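Presented below is the structure to which this report refers.
What follows is calculated from the coordinates using simple rules that are stated; it is not laboratory data. Source: prediction; values computed, not measured. Here the Cβ positions follow ideal geometry from the backbone for every residue, glycine too, while neighbour counts run over all protein chains shown.
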Amino acid sequence: MMCVALGASAQQFGHERDAGEPGRFDHYAVALSWSPSYCATHDDANQCSTGRQLGFVLHGLWPQYEKGYPQKCSTERLPERDKQRYAPLFPSPKMIGHQWSKHGTCSGLNPAAYFELSEKLQKQLAIPAPYQRPAQPVRASYGEFVQAFRAANPRLADKSVLPFCADGGRFLREIHVCYDKRGASASCSDGEIRRSMNTCRQPTFVMQNVR
């Protein structure tokens with residue numbers, strides 16, 4: 001099985017809160033965007049050039065509350081050495097600075113530790129074979145999709161993988177995979193689960209094919 005490719009894009013789901021305190025949150029959500037959905041509405045040469053064939057890409061590692069999430073918790077700058085080292089985690093170079101300032105500053109970790117954890121969690125997640133780089137659109141129900149990830153990753157906790165959809169539930173937009181502060185698999189919050197099911201409210205949704 002192929003581990004997830006990295007990158008950035010897509011809409012965040014939840015209720016943001018300004019003025020969070022670094023390190024004070026309940027769990028992490030690793031947000032993985034489905035790149036074909038992003039590229040259907042964005043002209044991003046870094047991510048969407050013909051032939052890149054990106055599937056799931058890293059949007060970010062996001063500290064979460066049980067309800068909502070913190071953002072911009074400090075003004076700590078991202079050192080240039082860390083920016084250069086970890087920029088390849090994302091297909092678009094502009095993403096790393098944004099992810100650090102909005103989400104990384106709330107982790108309580110220094111920049112290197114934060115992006116190392118992002119990389120570790122990305123690498124250990126196996127993408128089910130049908131969802132890696134499909135040449136044709138793939139249709140799945142909510143339950144089928146989640147079960148495929150659980151089968152590919154038997155150590156994932158129950159309710160730890162949540163799809164999020166766009167266009168009234170027609171297309172997969174991204175997934176959230178939840179972890180505790182130590183990086184161990186954990187169930188997502190009830191609020192995240194409700195938002196996930198609300199966005200993917202159709203009987204099935206489509207994963208657009210890679211290009």
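Computed from the C-beta positions of Ala113 and Arg211, the FRET efficiency with R₀ = 41 Å rounds to 0.70. Counting only DSSP beta bridges with both residues in segment 76-211, the antiparallel share comes to about 90 percent.
Placing dummy labels 7 Å off each Cα toward the beta-carbon, the span from Arg155 to Arg194 is 3.3 nm. The residues Glu119, Glu192, when put in order of fewest to most other Cβ atoms within 10 Å, stand as Glu119, Glu192.
Relative contact order, whole percent, for segment 63-120 stands at 43, derived from Cα pairs under 8 Å and 6 or more residues apart.
One chain, two ends: Glu21 and Ser141. Fully extended at 0.36 nm per residue, the span grows by 39.4 nm beyond their Cα-Cα distance. Listed by chain and number, the aspartates and glutamates whose alpha-carbon sits under 17 Å from that of Lys67, ignoring those within fewer than 8 places in the same chain, are Glu16, Asp18, Glu21, Asp26, Asp180, Asp190, Glu192.
Pairs over the 20 Å Cα-Cα cut-off, from the set Lys120/Lys181; Lys102/Lys181; Lys83/Lys181: Lys83/Lys181.
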